[in-house]
Amino acid sequence: MVNYVNNSVKLFPKKTIMNIPYLSGVFLLALFLTSCTGLTKEEIAAIKQPVRVTERTSDYSEALDKFSALLKAYGEPEEPLFLLGKSIVNKTACASLPMDVTQMMATAVNRIGGNIHYISYDPRFIEIERTHLSFPAGRIVPTLAFDGAITECDENIDTWDKGYDISAVGSHNGQEGEATGSRAKTFNLSRLALDMHLMEYSTSMQLPRIQSSLAVDIKSARGGYQFAIQVIGSGFGLNNTHKITQGKHDAIRALVNLSVLQVLGKYLQVPYWRCLPDSTPDMEVVRALEDSFGRVTKIQAIAAIQMNLRAYGYNVQVTGTEDGATRRAIADIAAKSNGKAPGVISPALYSYLYLNRPIRSWTPSIMLTDLSASQQIQNILRNQQLEQGKHQLEQYYYQQSHSQDLKNNTSEQPVPESDEAPPKAPPVQPKTQHEPLLGLQTAVIYRPGKLGETVLISGGKLASGDKYKIVVEPEQDCYLYVFQLDSAGRLFPIFPRADRTDGLTNPVRGKVTYEFPGEDRYFFLDQRKGLEHIYFYSTAKADKKIEKAVSVLNNNRVSDQRKKDVERKLMSYLSSKETITAVQPGKQYHLHGAGGMQVGHMNSVQKLGKNKLYIFTLNHE
């Protein structure tokens, strides 16, 4: 019972007002409540502190710094690598996650620095490129493009509770009371996943096995207690709850940083796991290195071992021959590795030497060359513009010379003045027009893994992921056409292509060496195995059927079905021509990345003409 006096509430009944234990309990209750409801001086002072700005990082930010130092030690990438960042978005139903993490990826790539440059994704620029089939002046052409998304968000996939309850009931002098209390803990587990991969910008083809699919578990905990006491209808209670959750945004940033590290490490075939604590080697990188070592010549294999031994400080010369100094260094490495490195030249020795190469400093470096980043980019742009201008001038002079020859051949001869009627001209005898026979110097150069370039023979074996390029040097001015028929039966134009950044197009000049897809660039083989064929065809005049077909195949607006129809007709047209199979050793070609001592020979293909072409076969195993 509660009595009301002057609109105020009395906290204890009259019958129990002199009950000392009850009065003491109520007093302690009031004291306890007043001491718990206000903020302490320390809590108020902490809130009044000025706002502090901190750098947003994750546990893997330091790994990116180490990755920069690792790339410097390995000299990778050899040329500036321009990465286009497509939108990395949230494709799950979790609204609590960020919808776009592209900027996190940009921060991660820029943190690496060196010869790795990030290019922001601009849909307007891509549309201009596809519409005009060329790159606007002053724009760097991306080498590769990132693609991916947040693919999983499983909330509360595991939940468990822990706690206890307690209660007590009693009475004193006929006055009943009850006390209850409880304490509980709840744990939750959620999981997020991010998929990321690289693709070649010019073809939008994903690079085989260059991807990451990483997941992270996010934990949350909730704990608290409750206490209540009641005496003769009057009571009070106290509860406290504390919840702590690992940040989802922090988890996403860690996923992005590690994904960038893993994808670029796989692409550049470097031991990126050395940048992470308590990590194990990526066996895909190890197998790729050992597989590439097994497909080179003996001279190249020994030279690769010798170059790696020099990185360990051994005084050996890169000769390509297994001399005494090389054998002693290999034996010393095998003894120091506790059996991990074999004592003979083998793929396992090469992968051990390469992947465990000493790194003198883990301090990240902004640049891997003496030039600044802006100077490198300006030099690349300048070279692109010079190449484009050079080919435009060559094309202009070629057309001028041919038009002048045509004018000289069709000009009227002067007629002498005379009163006599001019004599009748003899009837013109038709001349048989024979198209001149043409010659080409051709080569398919492939580079297995991190080893040097090798000249491939027709029918030679390559594996998925191997890089290769096509080299052609016409012996005369001509119209050049190069196509590749893949193992799926699709025909792709290698040249001419509308997306070339140097403006190179037909006709091409004689005695000039052309590399496809470009200088210091390579094609690569996907996962589909089988025979692939490269068609070389050159004529003195433009082939209208091929020119029309190429214009369709190079047009991004044409449907895929339309392109397939054109490919089928073009394949039928090429198959109707006579195939040249006999080739002779041609001019020398200097191979890169082989210690500067390797020289290969191109194939000399003769008697090419309007009805003859040359086919080179790749054996993709």
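Observations, loosely collected:
- Residue within segment 520-539 that is over 26 Å from Tyr267 (Cα atoms), in contact (Cβ under 8 Å) with a residue 24 or more places away in the chain and touching a Lys or Arg at 6+ places or on another chain (Cβ under 8 Å) present: yes
- For segment 443-462, the set of residues classified as more than 26 Å from the chain's Cα centre (by Cα), surrounded by fewer than 21 Cβ atoms within 10 Å (Cβ to Cβ) and not in a loop (DSSP other than H, G, I, E, B) consists of Val455, Leu456, Gly460, listed by residue number.
- Hits in segment 195-247 - residues which are open to solvent by 60 Å² or more (accessible area, probe 1.4 Å), modelled with pLDDT of 70 or more and assigned to a strand (DSSP E or B): Met205, Gln206, Arg209, Gln211, Ser213, Ala215, Asp217, Lys219, Arg222, Gln226
- Residue count, segment 497-535 (criterion: of a type outside the set (Phe, Trp, Tyr), open to solvent by 10 Å² or more (accessible area, probe 1.4 Å) and farther than 20 Å from Leu553 by Cα): 15
- From Val455, Val508, Val552, residue being touching a helix residue (DSSP H, G or I) at 6+ places or on another chain (Cβ under 6 Å) and in contact (Cβ under 8 Å) with a residue 12 or more places away in the chain: Val552
- Looking across segment 157-194, just one residue is aromatic (Phe, Trp, Tyr) and modelled with pLDDT of 75 or more, and that is Phe187.
- Candidates Ser559, Ser538 - the one that is open to solvent by 20 Å² or more (accessible area, probe 1.4 Å), modelled with pLDDT of 80 or more and hydroxyl-bearing (Ser, Thr, Tyr): Ser559
- All conditions in (1) touching a helix residue (DSSP H, G or I) at 6+ places or on another chain (Cβ under 7 Å); (2) modelled with pLDDT of 85 or more hold for Asp502, with the sole exception of (2).
- Residue in segment 308-327 that is aromatic (Phe, Trp, Tyr), modelled with pLDDT of 90 or more, out of contact with any Pro (no Cβ under 7 Å at 6 or more places or on another chain) and over 30 Å from Gly113 (Cβ atoms) present: yes
- Hits in segment 259-274 (condition: of a type in the set (Phe, Trp, Tyr) and crowded, with 23+ Cβ neighbours inside 10 Å): Tyr272
- Hey, Gly465 open to solvent by less than 20 Å² (accessible area, probe 1.4 Å) and small (Gly, Ala, Ser) or not: no
- Residues considered: Pro77, Pro123. Of these, the only one that is modelled with pLDDT under 85, under 20 Å from Ser202 (Cβ atoms), open to solvent by less than 30 Å² (accessible area, probe 1.4 Å) and out of contact with any Cys (no Cβ under 6 Å at 6 or more places or on another chain) is Pro77.
- Tally, over segment 147-166, of residues that are over 13 Å from Gly223 (Cα atoms) and open to solvent by less than 90 Å² (accessible area, probe 1.4 Å): 11
Matching residues to (1) aromatic (Phe, Trp, Tyr); (2) under 30 Å from Leu261 (Cβ atoms):
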site: Cys275; (1), (2): no, yes
site: Leu289; (1), (2): no, yes
site: Phe293; (1), (2): yes, yes
site: Tyr314; (1), (2): yes, no
site: Val318; (1), (2): no, no
site: Glu322; (1), (2): no, no
site: Ala329; (1), (2): no, no
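- Screening Lys569, Lys610 for residues that are under 21 Å from Phe483 (Cβ atoms), at pLDDT below 75 and open to solvent by 30 Å² or more (accessible area, probe 1.4 Å) leaves exactly one candidate, Lys610.
- Test: residue in segment 262-271 that is among the polar types (S, T, N, Q) and at pLDDT 90 or above: yes
- Restricting segment 466-507 to residues that are in a strand (DSSP E or B) and hydroxyl-bearing (Ser, Thr, Tyr), the residue that is farthest from Ile546 (Cα to Cα): Tyr468
- Segment 320-357, residues that are without any contact (Cβ under 8 Å) to a residue 60 or more places away in the chain, in a loop (DSSP other than H, G, I, E, B), within 25 Å of Glu453 (Cα to Cα) and open to solvent by 30 Å² or more (accessible area, probe 1.4 Å): Thr321, Glu322, Asp323, Val344, Ile345
- The set of residues from segment 302-318 being touching a Ser or Thr at 6+ places or on another chain (Cβ under 8 Å) and in a loop (DSSP other than H, G, I, E, B) comprises just one member, Val316.
The values are calculated or read from the model by the stated rules, or taken from the named source; none is laboratory data. Note that this is a predicted model, so its numbers are computed, not measured. Note that we place each Cβ from the backbone using ideal geometry, even for glycine, and neighbour counts take in every protein chain shown. For accessibility, only protein heavy atoms count, side chains too; no ligands or nucleic acids. Shrake-Rupley method; radii C 1.70, N 1.55, O 1.52, S 1.80 Å.
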